[in-house]
Amino acid sequence: MKFGAVPVGEAAGGVAVHSIRKSGLVLKKGTVISEREIAALKAAGISEIVVARIEPGDVSEDTAAAEIAAAAAGEGVRVDRPFTGRANLFAENAGVLVVDKGAVDRLNNVDESITFATLAAYKPVVAGEMVATVKIIPFAVSASQRDAAVAVTAAARPLIRIAPYRVRKVGVVSTLLPGLVPKVIEKTLKVTEERLAPAGAVIVAERRVPHEHGALAKAIEEVLGAGAELVIVFGASAIADRRDVIPAAVETIGGRVEHFGMPVDPGNLLLVARARGRPLLGAPGCARSPKENGFDWVLMRLLAGIEVPREAITGMGVGGLLMEIVTRPLVRIAVEEALASRAGDVIVVVGHQRGEVEKALAGLRVRIVHNPAFAEGLGASLKTGIAAVPADADGAIVCLGDMPQVDASLIDRLIAAFDPDRGALVVVPTFQGKRGNPVLWARRFFPDLMAIEGDVGARHLIGRYGEAAVEAPVEGKGAFVDIDTPQALVDLKAEIEGS
């Protein structure tokens, strides 16, 4: 591929390497230069332009991306139409993403011009979720580079796949001790039902027995007899040893403890066992909370029929320290998640307690703008923030500083669904059919957002422009949890810790 600056008059057939905006001319990067563009460039007073030219033996960026992506896609994965050197891969069904990390590393080592990125291995995904992307860095690669990349992916076949959920029937046994109030059990069952729902699994049998290994062993036998394909035991007291009540009950019925403990926190005290040929989990206390923890990492794999041997659990240490969100100021948590996402500039609007907020955000790469009219309500802050959005931004995500469970992955899901060319101009997160926050707005709605007055948000605009709004399904309740009082903060901490 040839690359370099040429006189405008000699640019025909070349691909514009950079976007150009001058004197009313807007020429986007990647445009194939024709006589029309040449005339417009000359009219704008531009005499030279940097172009790329594909030579014999080269493969265009879109073609290369599409072919590599097609070779990488396994069961349950579809490839979208390539654009600007990128081919995105999506889950066709709900399940767990299985990745051949070694093969991905070998693919990315073929040449710096070819890149392949995926979500984390074993991440639960929903139908339609983007799970990987091929990006060709230059405008073309050599056929030999393309062939080498395809060969790596073909040898691994598949490089990535979606393991569909297979386990549908789950049994739950709770042990009881004096002082354990019934509402804790009820809450645990509700959280567990919600945790199982994305996999299409349900609780088919439930028992509550004293915290004693004989009674527990009998209850486990009963739920297995009721058809449970997987059993979860919630102990009234945490498992302290392989000789404790839950592992003793497993062995009483001829089962086997496969592993106790995991390098994931929260989630350390997880027990993995088998009884009557079916998997059994001794749940850690944090599994009573809907917040992601080590229990989820093992449960979702088992629901997809994926074995979780000892080496898989011991290999979870890197990345296994899950954040305790209440150890930092809430606003900092929200801002750090925004910074960790694929969003561009992060703008923070401050007003009340401006000094304290700025102190909490010290060291973060953000732009802080002050709203002197903060007492007038949310509308004034929204106006201040939108006014500060860079002119080249296609849209803005309006996040709230008191929603610490809106994480980077949720924000990225909104960005992935944003597609102005296809009419997706407003993106709203949803969970179980309910709409939440934050919302991504295309630039065309900025005047409407800046016209909002008083202490109201922009929810009414979604109704007004319903035809431009799309929903982005998200996992968990992060899009709905806001912390408005000190007690709400205490409650959130208790929920995370599973108390």
| task | Within the range 148-163, identify whether any single residue is open to solvent by less than 50 Å² (accessible area, probe 1.4 Å), in a strand (DSSP E or B) and over 22 Å from residue 293 (Cα atoms), and answer yes or no. | result | yes
| request: Among the residues of the range 37-65, count how many are assigned to a loop (DSSP other than H, G, I, E, B), over 40 Å from the mean Cα position of the chain (by Cα) and among the small types (Gly, Ala, Ser). | output: 3
| message | Tell me yes or no: at least one residue of the range 206-214 is closer than 16 Å to residue 236 by Cα, of a type in the set (Gly, Ala, Ser) and open to solvent by 60 Å² or more (accessible area, probe 1.4 Å). | response | no
| query | Within the set of pairs 6 or more residues apart or between chains, which connect a residue that is without any contact (Cβ under 8 Å) to a residue 60 or more places away in the chain and surrounded by fewer than 17 Cβ atoms within 10 Å (Cβ to Cβ) inside the range 181-203 to a residue that is part of a loop (DSSP other than H, G, I, E, B) and among the aliphatic types (A, V, I, L, M) with Cβ atoms less than 9 Å apart? | reply | 203/228
| query | Given the residues 103, 66, which is the only one that is touching a helix residue (DSSP H, G or I) at 6+ places or on another chain (Cβ under 6 Å) and at pLDDT 95 or above? | reply | 103
| query | Could you list, in sequence order, the residues of the range 15-28 that are in a loop (DSSP other than H, G, I, E, B), surrounded by 12 or more Cβ atoms within 10 Å (Cβ to Cβ) and in contact (Cβ under 8 Å) with a residue 24 or more places away in the chain? | reply | 17
| Which residues, taken from the range 66-112, are out of contact with any Gly (no Cβ under 7 Å at 6 or more places or on another chain), part of a loop (DSSP other than H, G, I, E, B) and among the charged types (D, E, K, R)? | 75, 80, 81, 100, 111, 112
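Of all helices (runs of 4 or more DSSP H) completely enclosed by the range 393-492, which ones contain at least 3 residues that are hydrophobic (A, V, I, L, M, F, W, C)?
408-417, 446-450
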| message | Looking at the range 127-147, can you tell me whether even one residue there is open to solvent by 50 Å² or more (accessible area, probe 1.4 Å), assigned to a loop (DSSP other than H, G, I, E, B) and closer than 23 Å to residue 474 by Cβ? | response | yes
| Filter result for residue 219 (touching a residue at least 12 places away in the same chain (Cβ under 8 Å) and either among the polar types (S, T, N, Q) or within 14 Å of residue 276 (Cβ to Cβ) (or both)) | yes
| Checking residue 286 against (1) modelled with pLDDT of 95 or more; (2) hydrophobic (A, V, I, L, M, F, W, C); (3) within 25 Å of residue 319 (Cβ to Cβ); (4) crowded, with 22+ Cβ neighbours inside 10 Å, the condition it does not meet | (1)
| message | Residues to consider are 414, 492, 410; find the one that is surrounded by 15 or more Cβ atoms within 10 Å (Cβ to Cβ), at pLDDT below 90 and closer than 20 Å to residue 337 by Cα. | response | 492
| query | If we keep just the residues of the range 274-319 that are part of a loop (DSSP other than H, G, I, E, B) and β-branched (Val, Ile, Thr), which is nearest to the chain's Cα centre (by Cα)? | reply | 318
| task | Quick one: in the range 339-388, of everything that is hydrophobic (A, V, I, L, M, F, W, C), touching a residue at least 60 places away in the same chain (Cβ under 8 Å) and open to solvent by 50 Å² or more (accessible area, probe 1.4 Å), which residue is nearest to residue 455 (Cα to Cα)? | result | 378
| remark: Within the range 1-58, residues being among the acidic types (Asp, Glu) and farther than 19 Å from residue 113 by Cβ number 4
| Does residue 386 fit the bill of being part of a strand (DSSP E or B) and over 29 Å from residue 203 (Cα atoms)? | no
| task | Just name the residue that is farthest from the chain's Cα centre (by Cα) out of those in the range 427-463 that are surrounded by 14 or more Cβ atoms within 10 Å (Cβ to Cβ) and basic (Lys, Arg). | result | 444
| query | Which one of 232, 220 is at pLDDT 95 or above, touching a helix residue (DSSP H, G or I) at 6+ places or on another chain (Cβ under 9 Å) and assigned to a helix (DSSP H, G or I)? | reply | 220
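The values are calculated or read from the model by the stated rules, or taken from the named source; none is laboratory data. Note that the coordinates shown come from a computational prediction; the quantities given were computed from them, not determined experimentally. A quick note on method: Cβ atoms are made from the backbone with ideal geometry, for glycine too, and the neighbour counts reach across all protein chains shown. We work out accessible area using only protein heavy atoms, side chains counted, and drop any ligands, DNA or RNA first. Shrake-Rupley method; radii C 1.70, N 1.55, O 1.52, S 1.80 Å.
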